[in-house]
1. Quick check: is even one residue across region 130-144 assigned to a helix (DSSP H, G or I) and within 20 Å of H239 (Cβ to Cβ)?
2. Might you let me know whether region 56-63 holds any residue that is within 19 Å of F130 (Cα to Cα), of a type in the set (S, T, Y) and either open to solvent by 50 Å² or more (accessible area, probe 1.4 Å) or modelled with pLDDT of 95 or more (or both)?
3. The conditions are (1) open to solvent by less than 60 Å² (accessible area, probe 1.4 Å); (2) in contact with a His (Cβ under 9 Å, 6 or more places away or on another chain); (3) of a type in the set (F, W, Y), and F53 fails exactly one of them. Which is it?
4. So is S117 farther than 20 Å from Y260 by Cβ and either among the acidic types (D, E) or surrounded by fewer than 24 Cβ atoms within 10 Å (Cβ to Cβ) (or both) or not?
5. Hey, any hits in region 201-218 for a residue that's in contact with a helix residue (DSSP H, G or I) (Cβ under 6 Å, 6 or more places away or on another chain), touching a residue at least 12 places away in the same chain (Cβ under 8 Å) and within 21 Å of I247 (Cα to Cα)?
6. Cβ-Cβ below 6 Å, separation at least six or inter-chain, first residue in region 51-68 and within 23 Å of M92 (Cα to Cα) and in contact (Cβ under 8 Å) with a residue 40 or more places away in the chain, second of a type in the set (S, T, N, Q) and open to solvent by less than 30 Å² (accessible area, probe 1.4 Å): which pairs?
7. So if I check each of E127, E40, which one is out of contact with any Phe, Trp or Tyr (no Cβ under 9 Å at 6 or more places or on another chain), of a type in the set (D, E, K, R), open to solvent by 10 Å² or more (accessible area, probe 1.4 Å) and free of Cβ contacts under 8 Å to residues at least 40 places away in the same chain?
8. Sort out for me the helices (runs of 4 or more DSSP H) sitting completely within region 168-264 that have 2 or more residues that are open to solvent by less than 20 Å² (accessible area, probe 1.4 Å).
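The values are calculated or read from the model by the stated rules, or taken from the named source; none is laboratory data. These numbers come from a predicted model, not from an experiment. Cβ placement follows ideal geometry from the backbone for every residue including glycine, while neighbour counts extend to all protein chains displayed. Note: accessible area is taken over every heavy atom of the protein model, side chains too, but ligands, DNA and RNA are not part of it. Shrake-Rupley method; radii C 1.70, N 1.55, O 1.52, S 1.80 Å.
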Amino acid sequence: MKAMREFFQSRGAECSEWEGFEQWKLECGGIPCRFVLPRELAAGHPWVWKPEFFEAFPNTQLALLERGWVLAFLELPDHYGCPRAVAAFDRMHTMATTDLGLSPRMGILAMSRAGLSAYNYTSAHPEKVFALYADNPVCDFRTWPGGMGAGPGGPGDWAKLLAVYGLTDAEARNYARQPLSKDVLAPIVQAGIPVLHVCGDSDETVPYEENTCVLRETFKALGGNYREITIPGGKHHPHGLPDPAPIVAFYEEAFAATGYASAR
């Protein structure tokens, strides 16, 4: 990891501690970002990007750090997977792979609204992702924050979403290119990227039936590798699992399939 530290220092990055691990903060394309390093880097230099809520429910992140994985985060909240956000996330990917020498493909850890960013990015750049784990994810922004289904929605977030997408209310209501659509999912399936959802089946904020259930059926109908851990009676919070071992195993199995670890 010496080369990583030298790169961070050359960019004037700030070094601090996060949950007992070494953290570096800098900018990528003018946007704050951070990388958290393990004590020892695992073979193949695996890494995971968390699109939103970096501090929230971190037990999976901590388990990955303990196993030698790097964490990445770009501080671009409330962009809901819009095209500008996808382009910014891709610049972060370039920094991670070109400047830091991390593996060419990353894992994604998406909670709630970050499902929009995770699926839209992976659909646009399937060659840069090896696995996608989504936790109670938004798969159709018309359900949240739009509130056009069983859930209450979020009027303030809906106004922000319209602004970053550049859509009118009517245009957004008819916006078909959602993560649960065939157009978005087909490139992910064709690339063989495995997907894992962890969901409460009684999610009161992001309705399970209108998001994960629809995505699951479409993804599987396209021939995709889909897994799900369903929590009976589970709500939107808490995210993750009390024991993240099944999630970590999902990532490690998917990363092993890339061959990066054995090639280095």
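1. no
2. Yes, region 56-63 contains a residue that is within 19 Å of F130 (Cα to Cα), of a type in the set (S, T, Y) and either open to solvent by 50 Å² or more (accessible area, probe 1.4 Å) or modelled with pLDDT of 95 or more (or both).
3. (1)
4. So S117 fails the test.
5. Scanning region 201-218 turns up no residue that is in contact with a helix residue (DSSP H, G or I) (Cβ under 6 Å, 6 or more places away or on another chain), touching a residue at least 12 places away in the same chain (Cβ under 8 Å) and within 21 Å of I247 (Cα to Cα).
6. Pairs found: P51/S117.
7. E40
8. Hits in region 168-264: 182-190, 212-221, 245-258.
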